Amino acid sequence: LSQTIGLASMIVINPVNGVILTKDIDEAYHQLFQKHPKLLIHTGYSSKRFDSDYFEQVYCFEPSILDFLLDNQIELLGLDMPTFVYVGNHAAKAHHDLLDNRILIIENLIHLDRLEPECFFMAQPLKLDGFDGSMIRAVAINQWKMFY
């Protein structure tokens, strides 16, 4: 549970042709004043959450994102998209890569545009035996102002 509570870094990334470039993540992360092991990535994708193709046109990550996350000791990756997927639609491999390295994935976040580059983040999962995922209630506190 300690992986799901604590200070988080939030960065804004603009995908290029539907791809979230690792170099853009690295650059945005290293420009932060404070860097935390919980990383939230705002792409603006959550604004499409009511569109009929919300689950079909998801931005993709380059597989090199794993090296970035490991090199920077990221333990939680929060996204404003319905899934974490590599270029070429390799969602299963992307999920396995992160989970095999004990990096938690939080998907479907909204209102990341309201957060500052540093916030207090909580995403408490249900205690379920035999499952690799859970619904959560995610909350971020931004200078003592709460968003969920």
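For L76, state whether it is buried (at least 18 other Cβ atoms within 10 Å of the Cβ) and either in contact with a Pro (Cβ under 8 Å, 6 or more places away or on another chain) or on the phi > 0 side of the Ramachandran plot (or both). So L76 fits the description; yes. Cβ-Cβ contacts under 9 Å between residues 6 or more apart (or on different chains), taken from a first residue in segment 1-19 that is on the phi < 0 side of the Ramachandran plot to a second residue that is of a type in the set (S, T, N, Q) and in a loop (DSSP other than H, G, I, E, B), are listed as L7/Q34; S9/Q34; I11/Q31; V12/T43; I13/T43; N14/T43; P15/T43.
Quick grid of which residues meet (1) closer than 26 Å to A140 by Cα; (2) out of contact with any strand residue (DSSP E or B) (no Cβ under 7 Å at 6 or more places or on another chain):
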site: Y59; (1), (2): yes, no
site: D67; (1), (2): no, yes
site: D71; (1), (2): yes, yes
site: L76; (1), (2): yes, no
site: N89; (1), (2): no, yes
site: H95; (1), (2): yes, no
site: N101; (1), (2): yes, yes
site: L104; (1), (2): yes, no
site: N108; (1), (2): yes, yes
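Scanning segment 7-29 for residues that are assigned to a loop (DSSP other than H, G, I, E, B) and open to solvent by 90 Å² or more (accessible area, probe 1.4 Å) gives N14, N17.
For the condition open to solvent by less than 50 Å² (accessible area, probe 1.4 Å) and in a helix (DSSP H, G or I), what is the one hit in L39, L69, L32? Lay out the reasoning, then the answer.
On the way: L39 fails: in a helix (DSSP H, G or I); L32 fails: in a helix (DSSP H, G or I).
Only one candidate qualifies: L69.
Residue-level analysis places E56 outside the set of residues that are in contact (Cβ under 8 Å) with a residue 40 or more places away in the chain, in a loop (DSSP other than H, G, I, E, B) and either open to solvent by 90 Å² or more (accessible area, probe 1.4 Å) or within 22 Å of I20 (Cα to Cα) (or both).
Is it the case that segment 28-40 has a residue that's more than 14 Å from L79 (Cβ to Cβ) and out of contact with any strand residue (DSSP E or B) (no Cβ under 8 Å at 6 or more places or on another chain)? Checking segment 28-40: at least one residue is more than 14 Å from L79 (Cβ to Cβ) and out of contact with any strand residue (DSSP E or B) (no Cβ under 8 Å at 6 or more places or on another chain).
The values are calculated or read from the model by the stated rules, or taken from the named source; none is laboratory data. Here the structure is a predicted model, which is why all the values come from computation and not from measurement. Please note: Cβ atoms are built from the backbone with ideal geometry, for glycine as well, and neighbour counts cover all protein chains shown. Heads up: the accessible areas ignore ligands, DNA and RNA and are worked out on the full protein's heavy atoms, side chains in. Shrake-Rupley method; radii C 1.70, N 1.55, O 1.52, S 1.80 Å.
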